[in-house]
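Derivation of every value follows stated rules applied to the coordinates shown; laboratory data play no part. Given the structure is predicted, the values throughout are model-derived calculations rather than measurements. When we count neighbours, we look across all protein chains shown, and the Cβ atoms used for this are built from the backbone with ideal geometry, even at glycine.
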Amino acid sequence: MKKKIGILVRPNMDQLTINREISDVIIEHNCIPIGIVPTCDEGKMTLDSFQDMVDILSFCDGVILQGGTEFYDYDVQTVRYLYDHDIPTLGICLGMQTMGCVFGGKLEKIENDTHHHFVDYVHSVVIHSNSKLYSILQKETIVVNSRHHEQVVNTHLPIVASACNIIEAIEDTSKKFFIGVQWHPESIDDENSRALFQAFFHSI
């Protein structure tokens, strides 16, 4: 039976969207993408509305938190549920920022313009050699894309990669897979992106 990978959808004007590149990666790994639609508005969730989301989350073998422009209460509740129930989680861009903020962090605007360009490679990232991310990529430095206008600061999660004093990856090795990256691996078809996704799918 194929594994089911949840994608938390993002509000976009009057639509809810899923990044096609992410769903394509899921399908390429012989898994089924499942859209996780919040059953509330952007405000606080009720117990009943979150239970509806739990019914979907508990159905998933893993979850990818995709990028976006703003996270809401249902994002926070989702991250806590995934962490507490040890469901393999890969956070991308805003997904990583949500993970960081759930565990003590906060967001700050970035003044450095080199961190938000829609091109394949923008800057280098230094990876800590004692991290799970390093064990996956087997490299201390990689070059990544970058689209974000904010950064996470003061998170309690272990910081395992950085660039220009900006947090680029976080993780918790006590979980099956709980890694967030600030860049967009779904948009770069290189050995680093492939290795990261393969490690995520192998963990489910």
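What to note about this one:
- If you run the Gaussian network model on the chain, springs between alpha carbon atoms under 10 Å, then out of 124, 174, 193 the most flexible one is 174.
- Per DSSP, loop GluC sites (Glu not before Pro) in segment 1-71 with at most 13 further Cβ within 10 Å: 42, 70
- Estimated [θ] at 222 nm from DSSP helical runs (n ≥ 4, -39500 (n - 2.57)) normalised by residues in the chain, nearest 500: -8500 deg cm²/dmol
- Exposed loop sites, defined as trypsin sites (Lys or Arg not before Pro) outside DSSP H, G, I, E and B with at most 16 other Cβ atoms within 10 Å, are absent from the longest region of the chain, namely 45-138.
- Only lysines eight or more places from residue 4 in sequence, or on another chain, were considered; those with a Cα closer than 25 Å are 132, 175, 176.
- For chymotrypsin sites (Phe, Trp or Tyr not before Pro), the sites in segment 98-197 that DSSP calls loop and that have at most 12 other Cβ atoms within 10 Å are 118.
- Between residue 106 and residue 15, the simple label model (points 7 Å from Cα in the Cβ direction) yields a spacing of 3.5 nm.
- Projected-area average for segment 114-204 over all orientations - Cα convex hull basis, square nanometres: 5.6
- Across segment 40-96, the convex hull enclosing all Cα atoms gives 72 Å³ per residue.
- Euclidean distance of C-alpha centroids, segment 127-168 and segment 19-54, integer Å: 25
- Convex hull (Cα only) mean projected area of the chain, reported in nm² to one decimal: 10.7
- Restricting attention to the chain, close to 60% of DSSP beta bridges with both partner residues there are antiparallel.
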